[in-house]
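Notes follow the structure.
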Amino acid sequence: MDRSRVVMRAAAAFRCVSMQVLALSLVGCSLNGRSEPSREAGNLVASASQVDGVTISVYDSGQPFSYLTSVIALSAFGDRVAVALDEIGYEKNRRLWDKGFKELMSTAEFDDLTLIALASVTAVEARSRGQFLTQEQVGAVGRYLDDILDGKLPLGGEDADLAPPSIATASMLRQISRNLAQDKLAVGALIERIAGELVDSTIDCTPRAWLSDERYILVERLMAGLDLGCTLPQLHAAWDAVMSMLDDGGDFGGPRREALAIVVLTSVAYADAFSEDEIARVQAAVDRSVDRPSVDAYDWIYEHKLFVDQSVAPYDLMVTPAADEILLYAASRGSVPYVEVER
């Protein structure tokens, strides 16, 4: 596939889903928006319990294998990823993933697409305690990071004009450094230096802005360790507006999924600004997200990645058999399934 078309497709995905899941765009998003997996594409793969009275059915979407989709789903298992690797028969079939890694690194640039993929790859390697990559592959990622810090790779890569580097560059770069336990101070300094050159990197500290389609910027800034630049009254007013979205009924998909990420990450990053009652209010929303799950597999992957990729104590997301079935499907087949919620 022509890389310029892939980059343009990924750039569109930044806007049609949260950036944390945008690498799924290679199979699930187009310039006209995300295409949903079709139930008609395949048969029932699994049924599993979510909570009492709620059952999830997983259907084959018929989509082709994507290395990016697979590693993103694997990374969503967090500390349980070693078990997931066994479940999908990784060692027996690792040539498929080795091929994907080779193709990724053969076109690696200092761009969002490469960084998002490698953030998940290195997360799987770190959480599996070295069971995912070979030493040669770990070295390749380390040299890639060194080349970025040494200025050998231009920001945005060759297609920067088609898809300018976004705030995802900063958040994913930070995750790779943390996963590799490499150059944390140098990467932090680089992020501060390039932040002003990234598109979609700032957002006003107002309820209106935090409720707009640009709210994903908040999540990426927080994951990048960048300050939101809000006064305390502004922070509370905007945060409360987003929190109010979650107090209403409804499934936790799309905007509500991103709203949950915002209230969680903001209250963790600015812990001293939030009371015990506000923390309890957020945890209650997290619990409701389990009771009222989305029918979109992207949302499941996004939410579970949030809770394993970031330090979100004191919050806790319950892991269910249904979630495991969805993540295992995406990890093993490199595609997202059709999900049906039965109540």
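The values are calculated or read from the model by the stated rules, or taken from the named source; none is laboratory data. Source: prediction; values computed, not measured. Cβ atoms come from the backbone with ideal geometry, glycine included; neighbour counts cover every protein chain shown. What goes into the accessible areas is simple: the full protein's heavy atoms, side chains included, and nothing from ligands, DNA or RNA. Shrake-Rupley method; radii C 1.70, N 1.55, O 1.52, S 1.80 Å.
For the stretch 306-329, which positions are charged (D, E, K, R) and either assigned to a helix (DSSP H, G or I) or in contact with a Gly (Cβ under 6 Å, 6 or more places away or on another chain) (or both)?
So the first thing to find is which residues in the stretch 306-329 are charged (D, E, K, R), and the list is 309, 316, 324-325.
Residues satisfying the conditions are Asp309, Asp324, Glu325.
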Counting only residues that are farther than 30 Å from Val199 by Cα and either touching a strand residue (DSSP E or B) at 6+ places or on another chain (Cβ under 9 Å) or open to solvent by 30 Å² or more (accessible area, probe 1.4 Å) (or both), how many does the stretch 70-115 have? 13
Given the conditions (1) closer than 23 Å to Thr206 by Cα; (2) open to solvent by 40 Å² or more (accessible area, probe 1.4 Å), and given that Ser311 satisfies all but one, which numbered condition is not satisfied? (1)
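Could you grab me the full set of residues in the stretch 146-174 that are of a type outside the set (A, V, I, L, M), closer than 22 Å to Phe307 by Cβ and surrounded by 24 or more Cβ atoms within 10 Å (Cβ to Cβ)?
Residues of the stretch 146-174 that are of a type outside the set (A, V, I, L, M), as a first pass: 146-147, 150-152, 154, 156-159, 161, 164-166, 169, 171, 174.
With the extra rule that they be closer than 22 Å to Phe307 by Cβ, the set shrinks to 171, 174.
The answer is Ser171, and nothing else.
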Among what's in the stretch 207-225 and is surrounded by 16 or more Cβ atoms within 10 Å (Cβ to Cβ) and among the basic types (Lys, Arg), pick the residue that is farthest from Lys184 (Cα to Cα). Arg215
Number of the condition not met by Met318 [criteria: (1) open to solvent by 40 Å² or more (accessible area, probe 1.4 Å); (2) under 14 Å from Ala73 (Cα atoms)]: (2)
Looking at the stretch 269-305, which of its residues are part of a helix (DSSP H, G or I) and more than 25 Å from Asp324 (Cβ to Cβ)? Ala269, Ala271, Asp272, Ala273, Glu276, Asp277, Glu278, Ile279, Ala280, Arg281
Please verify whether Glu91 is under 22 Å from Ile116 (Cβ atoms), without any contact (Cβ under 8 Å) to a residue 60 or more places away in the chain and charged (D, E, K, R), treating the condition exactly as stated. no
Being closer than 18 Å to Met318 by Cβ and surrounded by fewer than 19 Cβ atoms within 10 Å (Cβ to Cβ) is the filter here; which residues of the stretch 243-297 pass it? Asp251, Ile279, Ala280, Arg281, Gln283, Ala284, Asp287, Arg288, Val290, Asp291, Arg292
Collect the residues in the stretch 248-280 that are out of contact with any Lys or Arg (no Cβ under 8 Å at 6 or more places or on another chain), closer than 22 Å to Gln50 by Cα and of a type in the set (D, E, K, R), keeping them in residue-number order. Asp248, Arg256, Arg257
For the stretch 126-145, enumerate the residues that are assigned to a helix (DSSP H, G or I), open to solvent by 50 Å² or more (accessible area, probe 1.4 Å) and in contact (Cβ under 8 Å) with a residue 24 or more places away in the chain. Arg127
